[in-house]
Amino acid sequence: MESGILSSLILLPLLGSLLILILPRAYKTFYKWICLITQILLLINVMTILGLFDRENPDYQFIEHSEWFRLSLGSKSILSIDYILGVDGLSISMVALSSLVFLIAAVSSFRISYREKTYFSLFLLLTASVLGCFLAVDFFLFFVFFEFMLLPMYFLIGIWGGENRAYASLKFFIYTFSGSVLILVVMICMVISNQDEFFTSEYARLVYSFDFRTLKDTNNLISSSILSIENPVLIFGLPAREFMFLLLLIGFGIKMPVVPFHTWLPDAHVEAPTPVSVILAGILLKIGGYGILRVAYEILPDATEKYAVLIGALGLVSVIYGALNALNQTDLKKMIAYSSVSHMGFVFIGIAAFNSIGFNGAVFQMFSHGILSSMLFLIAGVIYERTHDRNISAFQGLAKKMPVYTLLVAIAFFGSLGLPSLSGFIGEFLTLHGAFQSDHLPKLIPAFGIIGIVLSAIYFLLTFQRMFFGEFNTREEYRTLLKDLTKTEIFMLGSLAVLTILTGVWPNLIIRYINSSLTEILK
Amino acid sequence: MNPESLVFFNLQIYLLGFIFLLSLNNTVFVKTTGGISLVISILGVIVTSSLLVNTPGTVILSYDWIPISEQPVHFTLLINAQTRFMLFLVQIIACFVNLFSFKYMGDDPGVNRFFAYLNLFVFSMLGLVLAGNLLQLYFFWELVGFCSYLLIGFWYTRKTANAAAIKAFLLNRIGDAFFLAGIFLLFYLYGTFRFDDFAHLPLIERNYIYLDAGQLQTLAIVLLFGGVMAKSAQLPLQVWLPDAMEGPTPASALIHAATMVVAGIFLLGRVAPLITPDAGFFISLTGALTSVMAGLSALYQNDIKKVLAFSTVSQLGFMVTGMGMGETAASLFHLTTHAFFKAGLFLCAGAVISYLHHEQDMRKMGDLVRKMPAVFAAFLLCSGALIGLPLSGGYLSKESILNAAWVYGLESAGYRLLVPVLLTITSFLTTCYVVRMVVMVFFQREDSPVEIILDTTKKTVDGALKTFKDLLTADNKGSSGEDRVIQFIRNLGIYDTVTLALAFSSLWFFYSSHPLHPEDVWFFNEFGGIKEMYDWLPWLVGFIFLAGLLISYNSTLDEIRRYYFKEPGPRGRFARLAQRQFYMDDLYERLFRKIFTGERNILKPVSHIETAWIDAAVVKAGKSSLFFAKIAGKLEKEIVDASVMGFFAMIKSLGNQIRKWGKGNIQLYLLGLIVALTALVFILIIL
């Protein structure tokens, strides 16, 4: 069934972006509406896909396959690069999350007041590349979208960011770009080690395919190639498969980010404007976890499982180290950024379990963190837009003045610190549970992971108490500026809050989509 | 209706009540919230009663919740004997507390929040009680903790309230961390979370390292008990409960005395078949030690709510000990009687505090026996139950735990004997602090400070008092005795009614047909009986009571006298030590400070690592790329460029050379031209 609905997810934002570019500046009030309507259409399409999606089927669905280009490498072999889109349980959860977060970010972007044309066209470009990245079934296509994401992101931080934006955007770019170089190396090695059997017989030449489905099938492995299992090639004393895995781990680890490759995150977050922070934390970080599952584990399962302890330990270090750093911050946005590091650590712990509880937990944690961190950055944005101050100590007793805001902050904070009935708990519980029941990990990793839960309670509660409780007390000039939420803000935060509660009370809502695919991946 | 819909209806009304009441924030309907909440709680009691009548035996309801393919976790509701009595207990006490708060909190501007939180709490507590597996229990366990956090910090502008709320939440979080680890370990051992599976499923056969399966099970129970330590305020995590008294008194009565804090006992009851003898001894010893320590602390408190809080900790120690000894029935029975009389005591204290305009210092009270006779009567009955006087429910329940403890201790003499000895000491201490409290709060004093505190008196109480006096003096002028009784009842305020009702509920007849024999208690029919009864125990307890009464009465009078004449008392270091919980509280606070905010805290090295190592390394890497760029630049300049330039220079010098030739020698040019032409022609011909 070639319905083209997946292509529409990529084409719609591209068309929107083009429309904004064509439309003269005189109509600049329309830009944000074009952006918003595109996002709404995307959400409708995603909802349709969710409705038609067969939850029991673990394979790719809605596949769209067409030839992109064939590169002849001499007379013996052909490089076949295809345009293949498809969704399985893993990617559909991420697509749904992206579409939601982009919609919220589009609403939040209404405040952008200069260079709207560039902003909104870049925004839609980013949407297209993120969705493309999750939808791609072809490694080359994945990589193109993955790389392309950096470009709009770089400009979005670099032009609309805070004072130190140039430094932050450059740091972001260099970090993630060096990560992608590693992934590129792995991609090339993977492709030249696999042959597409079907095409090989058709063309009577060796066909190198970028299709994920071809790459993950070990029958296609060329026995003399660099990645072969029987005759391992040693690189720096490591078998090539393991070496490739380590490169991927660093490449996606930077994106995730996992300690010690995380220092771009606080800077980028602090400087980025609110909607960009929301996208960065809500979606872009998830590509790291997605990549580990989709590329590293699916294609190199043996090497990945061998390094379970390393992945788990990295996750654990991120959890504890991120939490301690968050405790140390006085800047609200920085605190939230470090809490992101801490929460994404749970994803690694869940992946390291290599059982279906851990995998489900990891993907659930990504989804939940996507919602919660979006809420947290919107919350920081609310305060910053009113006072241009993000210091935690600058505010006190906001509860009396801003009751609705306080309620929503409470939901976000308690959700992040893992209060049951909000989504954060389920993610943390499942990842730790999976890690504890796993045969690959020492029990110490989940046991210390539990400390992370205690630490996150400390920093979120202390921040909540300092900012919201006590008598209302801020600087004189802030008193009139601090008003309760506007209707738009209530819409943005409220809809995310409803999602956290829904998924927290009834995790089945997500797990029934992802479970069968993740179980299949494990086989 | 079938049990399923009844249970869900029961849960839903509280949850919807929470949402509805919270949505009334800042509207004109704020004042009505108490009434709405009261209706909800009465409805809840009715529904529960019908559930209790309609569902005998064990009912298990199960739904898809986390459908992970290998080991799905279901949302399971387990309704058995233990669930049923707790369901009723929680809601009936919630109903009383609701009625009480209707008046007590009526004038507070945030009253709707209070009632909303109360409803959320009841919902979560019911969820906890109904939970059919450990994960679900943990889920609601944290939620009740969250409600407790909200209610302790209810007056959020107060600094002390916030500090107490955070302390409660964090200590509970630490306990929960152990609890969670225990859950994981139990799952590792049994492959299930469900309570009904634990009893009959065998341990999974595996190669366990370090410890064998039995030891691991002991470890798991001890870890679970970590959660109980926090929630049910056992050593060493008990310090949050006395501070939790910062919350409104009715909330303290419901949450920090009657229901939430006993969740730990409830959990131990659920996993009772798994408790190994070693873990059991650890649990019962912890409980016994806690009860003695809290009893000592209660003896030296001056704040009436603090006394009650420590007494709660002490009684929780009793129940935990019972659970550790494997006496589920006795423990749950004490839980029930304790819920009634402690809630009664707290509400009496609330009435007193409200009557005295928020004065909580017992030394400044006194003489209230004539001012609040109804409350006094209720307080006396509840105190009797707390001490364990005959004819009260407390007598039956306490007796059965003490008896079980002596059986436990004497069965295998040795270190186990410590448990009953400690519990007996606690019962002596209980008598002492209860007598002290009653004397201080209610008994007549020569110089009554109450008059000074009061400027107005509450009308209902006063009216009731007047009628009561008339009734007693049998002054029959004008109207008949029946009218007077009616009038008395009419004049009874909400406080009096509620406290009296709770006091009557703590009498024996709700629990047993015989006031003195614990064998007849219906709990023991339901959960299994008592092994053996010692005849000498009631005599021992009676002796302890009399001794405590005498000693405490005299010393309390002495203490009050000293307080009035501002004499320095002979209070030693021990008293100070006991009053401040043996400095455990300060120790924790200092520890927390030292770790997170002090001079040499743990965060400094972390931030050092972050900036000086990781970030610096990144910057260095960036700089080093600059270094490579410089090398590349040098290479470019000195080799590539130089070679190009050299080539260029060569051509130039060649040109110069050639230029030298061009000096206007036309003949030579012509010659060259002709030679070249002929050569070309030759070549063409040859080819």
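The values are calculated or read from the model by the stated rules, or taken from the named source; none is laboratory data. Everything quoted here is computed from the prediction, not taken from an experiment. Using ideal geometry, Cβ is built from the backbone for each residue, glycine included, and neighbour counts are taken over all protein chains shown.
Here are a few things to note about the model shown:
- If you go through the range B:364-388 and keep only what is surrounded by fewer than 24 Cβ atoms within 10 Å (Cβ to Cβ) and at positive phi, you end up with B:366, B:367.
- Scanning the range B:389-442 for residues that are in contact with a strand residue (DSSP E or B) (Cβ under 8 Å, 6 or more places away or on another chain) and surrounded by 24 or more Cβ atoms within 10 Å (Cβ to Cβ) gives B:392, B:393.
- Scanning the range A:29-66 for residues being assigned to a helix (DSSP H, G or I) and of a type in the set (Gly, Ala, Ser) gives a total of 1.
- Exclusive hit being more than 18 Å from residue B:113 (Cβ to Cβ), modelled with pLDDT under 90 and either surrounded by 23 or more Cβ atoms within 10 Å (Cβ to Cβ) or away from chain B (no Cβ under 11 Å) (or both), set A:380, A:394, A:412: A:394
- Every residue from the range B:168-183 that is more than 7 Å from chain A (Cβ to nearest Cβ) and either surrounded by fewer than 22 Cβ atoms within 10 Å (Cβ to Cβ) or more than 30 Å from residue B:111 (Cβ to Cβ) (or both): B:175, B:176, B:178, B:179, B:182, B:183
- The single residue among A:105, A:128 that is among the small types (Gly, Ala, Ser), over 29 Å from residue A:190 (Cβ atoms), modelled with pLDDT of 90 or more and assigned to a helix (DSSP H, G or I) turns out to be A:105.
- Residues that are in contact with a Pro (Cβ under 8 Å, 6 or more places away or on another chain) and within 14 Å of chain B (Cβ to nearest Cβ) within the range A:326-351 comprise A:334, A:337, A:338, A:341, A:349, listed in sequence order.
- Of all residues in the range B:294-304, none satisfies being of a type in the set (D, E, K, R) and touching a residue at least 60 places away in the same chain (Cβ under 8 Å).
- Taken residue by residue, the range A:254-271 has no member that is in a helix (DSSP H, G or I), without any contact (Cβ under 8 Å) to a residue 40 or more places away in the chain and surrounded by 18 or more Cβ atoms within 10 Å (Cβ to Cβ).
- The one condition in (1) surrounded by 13 or more Cβ atoms within 10 Å (Cβ to Cβ); (2) free of Cβ contacts under 8 Å to residues at least 40 places away in the same chain; (3) outside any helix (DSSP H, G or I) that residue B:61 fails to fulfil: (2)
- Restricting the first member to the range A:365-394 and to residues that are within 19 Å of residue A:422 (Cβ to Cβ), and the second to residues that are in a loop (DSSP other than H, G, I, E, B) and modelled with pLDDT under 95, the beta-carbon pairs closer than 7 Å and six or more apart or on different chains are A:380/A:390.
- Residue B:112 meets the conditions (1) within 12 Å of chain A (Cβ to nearest Cβ); (2) farther than 25 Å from residue B:348 by Cα; (3) more than 18 Å from the chain's Cα centre (by Cα); (4) buried (at least 24 other Cβ atoms within 10 Å of the Cβ) in every case but one. The failed one is (2).
- Sole residue being more than 9 Å from chain B (Cβ to nearest Cβ) and either touching a residue at least 60 places away in the same chain (Cβ under 8 Å) or outside any helix (DSSP H, G or I) (or both), chosen from A:419, A:441: A:441
- Considering A:317, A:276, the condition of being at pLDDT 90 or above and more than 14 Å from chain B (Cβ to nearest Cβ) is satisfied by A:276 alone.
- Residues satisfying the stated conditions in the range B:3-46, i.e. without any contact (Cβ under 8 Å) to a residue 24 or more places away in the chain, farther than 23 Å from residue A:405 by Cβ and polar (S, T, N, Q): B:5, B:12, B:32
- Condition check for residue A:454: without any contact (Cβ under 8 Å) to a residue 60 or more places away in the chain and within 11 Å of another protein chain (Cβ to nearest Cβ): yes
- Single residue of the range A:459-517 satisfying the filter (in contact with a helix residue (DSSP H, G or I) (Cβ under 7 Å, 6 or more places away or on another chain), part of a loop (DSSP other than H, G, I, E, B) and within 30 Å of residue A:366 (Cβ to Cβ)) that is nearest to the other protein chains (Cβ to nearest Cβ): A:507
Results for (1) over 30 Å from residue A:503 (Cβ atoms); (2) outside any helix (DSSP H, G or I), shown as yes or no for each residue.
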residue	(1), (2)
B:29	yes, no
B:38	yes, no
B:44	no, no
B:69	no, yes
B:76	no, yes
B:92	yes, no
B:99	yes, no
B:113	no, no
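- Residues satisfying the stated conditions in the range A:462-508, i.e. of a type in the set (Gly, Ala, Ser) and buried (at least 18 other Cβ atoms within 10 Å of the Cβ): A:470, A:497, A:504
- Counted residues, the range B:17-40 - those being closer than 12 Å to residue B:101 by Cβ and either out of contact with any Phe, Trp or Tyr (no Cβ under 8 Å at 6 or more places or on another chain) or surrounded by 15 or more Cβ atoms within 10 Å (Cβ to Cβ) (or both): 4
- Breaking point among (1) more than 27 Å from residue B:20 (Cβ to Cβ); (2) assigned to a loop (DSSP other than H, G, I, E, B); (3) β-branched (Val, Ile, Thr), for residue B:160: (2)
- Enumeration of residues in the range A:460-484 that are modelled with pLDDT of 85 or more and farther than 11 Å from residue A:397 by Cβ: A:460, A:461, A:462, A:463, A:464
- Checking each residue in the range B:184-196 for being more than 8 Å from chain A (Cβ to nearest Cβ) and of a type outside the set (Ser, Thr, Tyr) picks out B:186, B:189, B:191, B:193, B:194, B:195, B:196.
- Inclusion of residue A:57 among residues that are more than 25 Å from residue A:148 (Cβ to Cβ) and of a type outside the set (Phe, Trp, Tyr) is warranted.
- Looking across A:155, A:143, A:210, one residue alone is in contact (Cβ under 8 Å) with a residue 12 or more places away in the chain and under 19 Å from residue A:124 (Cβ atoms). It is A:155.
- Hey, residue A:358 touching a residue at least 40 places away in the same chain (Cβ under 8 Å) and away from chain B (no Cβ under 14 Å) or not: no
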